[in-house]
Amino acid sequence: MKKLIINADDFGLHEAVNSAVITAYKNGCLTSTSIMPSGKAFDNAVRLALQNPGLGIGIHLTLVAEMPVSDPIYIQSLVDSTGRFAPQYPQFLFRYLIGKISLKDIEKELNAQVQKVVASGINVTHIDSHQHLHIIPGILDIVVDIAKKYNIRAMRIPDEPYFFLGGYPFSLFRILGRTGLTFLAKRARNKIRKTGLLVPSNFFGMLAGGNMQQQYLANIINNLPNGVSEVMMHPADDAKALQEIYQWHYNWDGELLALTSDKIMKLLNNIEIQLVTFGELTHG
């Protein structure tokens, strides 16, 4: 039987995300989520997580767009004059590639983020990251060491197949971005497997990321390969509130509708796909 992890990112970012995650878990097909230690609604997310122990909870490591967990004075290469991370992925990546970001600062901050989640009492099932920064060479080694240190057994590998389109009306820019991500993720997959960490066999949700409407989720399910697959989602139940803060142009409400759709639930049952969490992985 094919197995599927349906994971919601950004748990803890905002209460509108948190409530949607729980709705999609209780009334839909969501099995897993990734909590942001630096998210403004982290405490609310922790309370909800502890009230719903069947929901798989991973850690969504964050190095862009938010405030750090560490005191900014101790991780100065990661923050600006206001103490915030770089606003977007390109700024972070550029500074990282030209050697302006200290790996020691990254290690210090990511350790602090994991410690914060572990201290909350959450049983951590896996580790991933905002903007998939954990697969960047150099950062990957740090994240693997942290996972082992805290006995986190599984990790996301965002290597959506190069030629998978899923009916999504893509742009050339998004295809190029997905291609680069998949290249790095495939390299990371080969390295991670040697470390003993568990990873799903397949990943989907990059090309349609932020706009995983029902038809696109159904296309993925209908074409699901053998093994364990992960689908990345971004649900929320108050898109207006989120759009005032984040200019991401996500279809948060549409993703929540997809996750709670009767059509999707029937489709999963009809083709006998078993819904699981990262905590149930035994191999890729």
Could you count how many residues in segment 112-127 are closer than 18 Å to Leu63 by Cβ and hydrophobic (A, V, I, L, M, F, W, C)? 4
Members of segment 138-166 found to be assigned to a loop (DSSP other than H, G, I, E, B) and either in contact with a Pro (Cβ under 7 Å, 6 or more places away or on another chain) or surrounded by 13 or more Cβ atoms within 10 Å (Cβ to Cβ) (or both), listed by number: Tyr150, Ile152, Arg153, Arg156, Ile157, Pro158, Asp159, Glu160, Pro161, Phe164, Leu165, Gly166
So which residues in segment 49-90 are of a type in the set (Ser, Thr, Tyr), over 27 Å from Gly279 (Cα atoms) and surrounded by 12 or more Cβ atoms within 10 Å (Cβ to Cβ), if there are any at all? Ser70, Tyr74, Ser77, Tyr89
Residues to consider are Phe183, Phe170; find the one that is hydrophobic (A, V, I, L, M, F, W, C), more than 24 Å from Gly279 (Cβ to Cβ) and touching a Leu at 6+ places or on another chain (Cβ under 6 Å). Phe170
Report every pair of residues separated by at least 6 positions or lying on different chains whose Cβ atoms are under 7 Å apart, first residue within segment 174-188 and buried (at least 18 other Cβ atoms within 10 Å of the Cβ), second outside any helix (DSSP H, G or I) and aromatic (Phe, Trp, Tyr). Thr182/Tyr162
Matching option when the condition is under 30 Å from Asp141 (Cα atoms), at pLDDT 95 or above and touching a strand residue (DSSP E or B) at 6+ places or on another chain (Cβ under 9 Å), among Leu217, Leu184, Leu259, Leu197: Leu197
From the set of residues in segment 128-137 that are crowded, with 24+ Cβ neighbours inside 10 Å and not acidic (Asp, Glu), which is nearest to Gly58 (Cα to Cα)? Ser129
Tell me yes or no: at least one residue of segment 78-93 is within 16 Å of the chain's Cα centre (by Cα), hydroxyl-bearing (Ser, Thr, Tyr) and more than 17 Å from Gln115 (Cβ to Cβ). yes
Residues Gln247, Gln243, Gln274: which one is in contact with a strand residue (DSSP E or B) (Cβ under 6 Å, 6 or more places away or on another chain) and surrounded by fewer than 17 Cβ atoms within 10 Å (Cβ to Cβ)? Gln274
What are the pairs with Cβ atoms under 8 angstrom where one residue, in segment 53-76, is without any contact (Cβ under 8 Å) to a residue 60 or more places away in the chain and within 19 Å of Ile142 (Cβ to Cβ) and the other, located anywhere, is outside any loop (DSSP other than H, G, I, E, B) and of a type in the set (S, T, N, Q)? Sequence gap at least six, or different chains. Val69/Gln113
Among (1) crowded, with 18+ Cβ neighbours inside 10 Å; (2) in contact with a strand residue (DSSP E or B) (Cβ under 8 Å, 6 or more places away or on another chain), where does Asn123 come up short? (1)
Among the residues of segment 114-142, which ones are more than 17 Å from the chain's Cα centre (by Cα) and over 22 Å from Thr31 (Cβ atoms)? Gln115, Lys116, Ala119, Pro137, Gly138, Asp141, Ile142
For segment 39-48, give me the residue count where each residue is surrounded by fewer than 24 Cβ atoms within 10 Å (Cβ to Cβ) and either in a helix (DSSP H, G or I) or touching a residue at least 40 places away in the same chain (Cβ under 8 Å) (or both). 6
Just the residues that are at pLDDT 95 or above, assigned to a loop (DSSP other than H, G, I, E, B) and within 16 Å of the chain's Cα centre (by Cα), please, taken from segment 49-73. Leu55, Thr62, Leu63
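The values are calculated or read from the model by the stated rules, or taken from the named source; none is laboratory data. Quick caveat, the model's predicted, so the values are computed rather than measured. No Cβ is skipped: glycine too gets one built from the backbone with ideal geometry, and neighbour counts run over all protein chains shown.
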